[in-house]
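The values are calculated or read from the model by the stated rules, or taken from the named source; none is laboratory data. Please read all numbers here as calculations on a predicted model, not as lab measurements. Every residue, glycine as well, gets a Cβ built from its backbone with ideal geometry; the counts of neighbours run over all protein chains shown.
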Amino acid sequence: MSNVWVTNVGEEFFIDQWDSVQYAFSPNKPVEIPDYVARHIFAYKMSDKTPCLARLGWAVTNNDVPKAMERLNKFVITEEKPQSYHNASPVVERVPLPVSRRGGGKDVK
């Protein structure tokens, strides 16, 4: 048995359980869990993930599978603890604030 780290890179809190033990996955907080629990909850290292998607209630029909896979892919599983995980976000362009001319008057030389 080995442990893995699961990081919820989505925005929604997620909770599930295995063998009466509850596992909570807050956004961007790595959680260490046994690999067999990751297999049960997230179909970790399994080629067919549809039974997992159905168990979670994310895919009721085959038409639901693509959207359910998008949701499942928001859980990143690694064998080593991540240093920190941040969602990639574009750098906000910095634009200087306009100079206020109120009360400044004209420059006098």
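Here are a few things to note about the model shown:
- Screening segment 60-81 for residues that are part of a loop (DSSP other than H, G, I, E, B) and touching a strand residue (DSSP E or B) at 6+ places or on another chain (Cβ under 6 Å) and picking the one that is modelled with the lowest pLDDT gives Lys81.
- Selected residue (criterion: farthest from Ile33 (Cα to Cα)) from residues of segment 53-66 that are surrounded by 12 or more Cβ atoms within 10 Å (Cβ to Cβ), without any contact (Cβ under 8 Å) to a residue 24 or more places away in the chain and not aromatic (Phe, Trp, Tyr): Asp64
- Note on segment 1-35: residues that are without any contact (Cβ under 8 Å) to a residue 24 or more places away in the chain and of a type in the set (Gly, Ala, Ser) total 3.
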